[in-house]
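Student: Can you keep this structure in mind? I'll have questions shortly.
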Amino acid sequence: MVRLKDVAYQAGYDISTVSKVLQGGNIHVSAEARERITKAAAELGYRPNLMARGLRTRKAGAVVLGFPCLDHPMYPAITEGAEQAATELGLALFAYKFPPEGAANALLDLVRQGRADGIILASEVPDCDFVKLATESRVPVITLNEYSTDPTLSVVLDDAAGFALQATYLAGLGHTRIAYVGVHPESTGSRSCEESFKESLRKQGVLIDPSYIFGGSFGGDNASEVVDQILKLEQRPTAIATASLTMGTRIIRELSTRGVDVPNQINVIGYHDSKQAEWTTPSVTTVRMPSVVQGRCAVERLFAVLNSQKSLAAEVISEPIEVIERESCCLLSEMNLPHLPND
């Protein structure tokens, strides 16, 4: 097993300096020294002894990534990034599905009882008192999908840029009759995403009629009702933009059962990306957000907080954001619009 003193010998520095650099401690060393130490550790395959570190620092050397469920298409990408960062920082990462009842205390007890040092929430807070309880218990928490009461503890995606890109892409295909299906439209975040989408279209001379705006759940539970409403419109849209990948896939299925061909009669684009987008017929064009980067940055920020290196502002992840083109969208000029069903 590679020991810390082996890394120190290869790098040419004393064990104390090497230990502090690899643990992210508060130490002033040159960029050259830091690079030599991390390079030596990587070449030797050094992994810190988390149990020994815990005995010395009274820390568990572990962080929790909390989920309300396990079937969300965004979670694998977030977990991938978090795992990458945790491995590099010598932390253990625990994925934890918190219970629907008593979630706040169940999560906080993982830290209170010494099994972890901090928490990352992959979704919304489990209840409205969670951040307050965490603060009172001195439990560090990083939120991913909404700003906490302390914005320095947030690592969020730039959804304004994501929905603007979604709108720009559809307009670039030639669409002017575009329906928008938001998720949880009553929330402030959802309204902001919708406005970003509409503003991007306005800049390109495309206006959305209010009758083309629909709402639903992230999981697309009301996709059938949404499709019924869309097909009853006097003038049907040529494209449907959705605020979730799952809603997009379910809308495609509902259109298919009603004899509407995607993309030849109506285009559909989703939001966020996962393998799920490739499993439908047709496969789903979607906007891929930097969820892997978000997961990585969340662990890095929590690590900084645990080492008293608190940041001054919320972190908004804006790159890379890209459209992943698949089969559910095409140029307006390539569509078979004259044969659109009239029912």
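The values are calculated or read from the model by the stated rules, or taken from the named source; none is laboratory data. In this text, all values refer to a predicted model and were calculated from it rather than measured experimentally. As a convention, Cβ positions derive from the backbone with ideal geometry for all residues, glycine included, and neighbour counts pool all protein chains shown.
Student: Only one residue in Thr238, Thr257, Thr246 is of a type outside the set (Asp, Glu) and touching a Gly at 6+ places or on another chain (Cβ under 7 Å). Which one?
Tutor: Criteria check complete, one pass: Thr246.
Student: Here's a follow-up. Considering segment 99-137 alone, what residues qualify as being crowded, with 19+ Cβ neighbours inside 10 Å, out of contact with any helix residue (DSSP H, G or I) (no Cβ under 8 Å at 6 or more places or on another chain) and not hydrophobic (A, V, I, L, M, F, W, C)?
Tutor: Selection gives Ser123 alone.
Student: Here's something else I'd like to know. Suppose the filter is exposed (fewer than 15 other Cβ atoms within 10 Å of the Cβ), within 22 Å of Arg250 (Cα to Cα) and either in the same structural domain as Ile251 (by TED's automatic domain parsing) or among the hydroxyl-bearing types (Ser, Thr, Tyr) (or both); does Ser211 pass it?
Tutor: Yes, satisfied.
Student: What's the total number of residues in segment 264-302 that are aromatic (Phe, Trp, Tyr) and crowded, with 23+ Cβ neighbours inside 10 Å?
Tutor: 1
Student: Same structure, new question: Can you go through Glu83, Glu101 and tell me which one is acidic (Asp, Glu) and in contact with a Leu (Cβ under 7 Å, 6 or more places away or on another chain)?
Tutor: Glu83
Per-residue answers, yes or no, for (1) more than 28 Å from the chain's Cα centre (by Cα); (2) at pLDDT below 90; (3) outside the structural domain of Lys97 (by TED's automatic domain parsing); (4) not in a helix (DSSP H, G or I):
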{"position": "Val21", "(1), (2), (3), (4)": "yes, yes, yes, no"}
{"position": "His28", "(1), (2), (3), (4)": "yes, yes, yes, yes"}
{"position": "Arg34", "(1), (2), (3), (4)": "yes, yes, yes, no"}
{"position": "Thr38", "(1), (2), (3), (4)": "yes, yes, yes, no"}
{"position": "Val63", "(1), (2), (3), (4)": "no, no, no, yes"}
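Student: Here is a further query. Would you confirm, using the coordinates I've provided, whether Val206 is surrounded by 21 or more Cβ atoms within 10 Å (Cβ to Cβ), among the β-branched types (Val, Ile, Thr) and either in contact with a strand residue (DSSP E or B) (Cβ under 8 Å, 6 or more places away or on another chain) or not in a strand (DSSP E or B) (or both)?
Tutor: Judged against the criteria, Val206 is not a match.
Student: From (1) touching a residue at least 40 places away in the same chain (Cβ under 8 Å); (2) closer than 28 Å to Phe303 by Cβ; (3) within 19 Å of the chain's Cα centre (by Cα), pick out the condition that doesn't hold for Leu165.
Tutor: Failing condition for Leu165: (2).
Student: If a residue counts only when it is closer than 22 Å to Glu319 by Cα and either at pLDDT 90 or above or out of contact with any Pro (no Cβ under 6 Å at 6 or more places or on another chain) (or both), which strands (runs of 3 or more DSSP E) contained entirely in segment 69-167 have at least 3 such residues?
Tutor: 155-157
Student: So, in segment 320-339, of the ones that are aliphatic (A, V, I, L, M), more than 21 Å from the chain's Cα centre (by Cα) and within 29 Å of Asp159 (Cβ to Cβ), which residue ends up surrounded by the fewest Cβ atoms within 10 Å (Cβ to Cβ)?
Tutor: Taking the candidates together, the pick is Leu331.
Student: Can you find a residue that is among the hydrophobic types (A, V, I, L, M, F, W, C) and either surrounded by fewer than 17 Cβ atoms within 10 Å (Cβ to Cβ) or without any contact (Cβ under 8 Å) to a residue 40 or more places away in the chain (or both) anywhere in segment 173-194?
Tutor: So far as segment 173-194 goes, no, none of its residues is among the hydrophobic types (A, V, I, L, M, F, W, C) and either surrounded by fewer than 17 Cβ atoms within 10 Å (Cβ to Cβ) or without any contact (Cβ under 8 Å) to a residue 40 or more places away in the chain (or both).
Student: Just checking, how many residues over segment 214-231 are over 23 Å from the mean Cα position of the chain (by Cα) and either among the charged types (D, E, K, R) or in the same structural domain as Asp71 (by TED's automatic domain parsing) (or both)?
Tutor: 2
Student: Still on this model: Residue pairs, Cβ under 6 Å, 6 or more apart or interchain, first in segment 267-282 and assigned by TED's automatic domain parsing to the domain that holds Gly219, second assigned to a loop (DSSP other than H, G, I, E, B) and charged (D, E, K, R). List them.
Tutor: Pro282/Glu327
Student: Do you know which of the residues in segment 232-284 that are assigned to a helix (DSSP H, G or I) and among the basic types (Lys, Arg) is farthest from the chain's Cα centre (by Cα)?
Tutor: For segment 232-284, the residue satisfying everything is Arg253.
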